[in-house]
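Participant: My structure is below; once you've seen it, I'll send some questions.
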Amino acid sequence: MATTRRRTLSLWIGWGLLILLALPFVHWSLTSGVGPLTGADLADNRFYTPQLTLANLAIFSHMALGAGLMLFIPLQVWPGLRQRWPGYHRWMGRVLCLAGVIVGLGGLTYIAMRGTIGGVWMNAGFALYGALVVICAGQALRHARYKAFAIHRQWALRLLVLSFGSWLYRVHYGLWYLATGGVASTPDFDGAFDLVQNFAFYLPYLLALELELWMRRAQSV
Ligand code: HEM
């Protein structure tokens, strides 16, 4: 009993801290997306291309919805909330899975139509990231509808980890520049650090989660 209470408390503290740290990015992402979608001046916006309406819509709605995804998805696994308000969990779950699909497809559309600032390897890393987000959101929703809740939970956890990838990308850069001043990182994003980062902001975290899920499965047989 005491162990469970300690575990719940550390979960609360861990999640609370993570969300607090991520809030500035969530705010920035929200305003960067909502501003252009509601008619802000786009003359100096590097994501805006006058002739490409679909790419513009895709990238700005992905920023706005991505912020919402990051803000609300932790509540889905917040200790006790699902049991206490199952209706909220179900409805918010549907909204978040849909948001995940739009965020992923929005990023993929932008990559296909305009390409990223870092060229082919950044396109590849972010495209894989987008595809994984779409798959995890779709699978989480599908398994919830079939009431396969154990599997639903695994896909939802993958989506949760991926949702924080975009923020972790910036955190990695911030820490690296603090520690090294930006060794192996270039303005064109083709330094060794930049190339690794194209995949390192989500794959290691996803692998760590897979390991944790695998250990839990092994313990339960
Ligand atoms: C919760 C998730 C996400 C949030 C909050 C988010 C937020 C953002 C923000 C704020 C930017 C602008 C960055 C800047 O100003 O330099 C951006 C750019 C971008 N995002 Fe996302 N994003 C998310 C997920 C994704 C996913 C899943 C993809 C996958 C396809 C993706 C692909 C991109 C691309 C390609 C760019 C443009 C990169 C460039 O050329 O600079 N994002 N995102």
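The values are calculated or read from the model by the stated rules, or taken from the named source; none is laboratory data. Just so we're clear, the structure is a prediction, and the values are computed from it rather than from any experiment. FYI the Cβ positions are ideal-geometry reconstructions off the backbone, even for glycines, and counts take in every protein chain you see.
Participant: Pairs please, first residue from the range 41-69 and under 15 Å from THR116 (Cα atoms) and buried (at least 17 other Cβ atoms within 10 Å of the Cβ), second anywhere and charged (D, E, K, R) and at pLDDT below 95, Cβ atoms under 6 Å, 6+ apart in sequence or on different chains.
Facilitator: Hits for this filter: zero, empty list.
Participant: Scan the helices (runs of 4 or more DSSP H) fully inside the range 1-92 and keep the ones with 2 or more residues being more than 24 Å from VAL133 (Cβ to Cβ).
Facilitator: In the range 1-92, 2-37, 81-84 are the helices (runs of 4 or more DSSP H) which contain 2 or more residues that are more than 24 Å from VAL133 (Cβ to Cβ).
Participant: Sort out which residues of the range 30-40 are within 17 Å of the chain's Cα centre (by Cα) and crowded, with 21+ Cβ neighbours inside 10 Å, and write them in order of number.
Facilitator: Residue satisfying the conditions is GLY33 alone.
Participant: Need pairs with beta-carbon distance below 7 Å; first residue within 14 Å of ILE117 (Cα to Cα) and without any contact (Cβ under 8 Å) to a residue 24 or more places away in the chain and within the range 177-192, second exposed (fewer than 15 other Cβ atoms within 10 Å of the Cβ) and of a type in the set (A, V, I, L, M); sequence gap 6+ or separate chains.
Facilitator: Qualifying pairs under 7 Å: GLY191/ALA184.
Participant: Looking only at the range 127-156, how many residues end up being more than 16 Å from the ligand (Cβ to nearest atom) and hydroxyl-bearing (Ser, Thr, Tyr)?
Facilitator: Of the residues in that region, 1 qualify.
Participant: Name every residue in the range 45-71 that is at pLDDT below 95 and either within 18 Å of PRO24 (Cα to Cα) or among the aliphatic types (A, V, I, L, M) (or both), in order of residue number.
Facilitator: Hits for the range 45-71 are LEU52, LEU71.
Participant: Could you run through the range 161-209 and say how many residues are surrounded by 19 or more Cβ atoms within 10 Å (Cβ to Cβ) and acidic (Asp, Glu)?
Facilitator: Count: 1.
Participant: Can you pull out the residues in the range 102-117 that are near the ligand (Cβ under 6 Å from one of its atoms), touching a residue at least 24 places away in the same chain (Cβ under 8 Å) and of a type in the set (A, V, I, L, M)?
Facilitator: Correct list: VAL103, LEU108, ILE117.
Participant: Would you confirm, using the coordinates I've provided, whether ALA112 is of a type in the set (A, V, I, L, M) and either modelled with pLDDT under 95 or touching a helix residue (DSSP H, G or I) at 6+ places or on another chain (Cβ under 8 Å) (or both)?
Facilitator: Considered against the rule, which asks whether it is of a type in the set (A, V, I, L, M) and either modelled with pLDDT under 95 or touching a helix residue (DSSP H, G or I) at 6+ places or on another chain (Cβ under 8 Å) (or both), ALA112 comes out as no.
Participant: Please give the number of the condition GLY165 fails out of (1) under 20 Å from ALA99 (Cβ atoms); (2) of a type outside the set (Ser, Thr, Tyr); (3) away from the ligand (no atom under 13 Å from the Cβ).
Facilitator: Here GLY165 clears every test but (3).
Participant: Something else: Could you tell me whether any residue of the range 174-182 is touching a Phe, Trp or Tyr at 6+ places or on another chain (Cβ under 9 Å) and farther than 26 Å from ALA67 by Cα?
Facilitator: yes
Participant: Identify all residues within the range 1-40 that are more than 24 Å from VAL77 (Cβ to Cβ), modelled with pLDDT under 90 and within 16 Å of the ligand (Cβ to nearest atom); write none if there are none.
Facilitator: Selection gives ALA40 alone.
Participant: Give me a count of the residues in the range 48-95 that are over 24 Å from TYR169 (Cβ atoms) and within 11 Å of the ligand (Cβ to nearest atom).
Facilitator: The qualifying residues number 0.
Participant: Looking only at the range 86-99, decide whether some residue is free of Cβ contacts under 8 Å to residues at least 40 places away in the same chain, more than 21 Å from CYS136 (Cα to Cα) and small (Gly, Ala, Ser).
Facilitator: Yes - at least one qualifying residue is present in the range 86-99.
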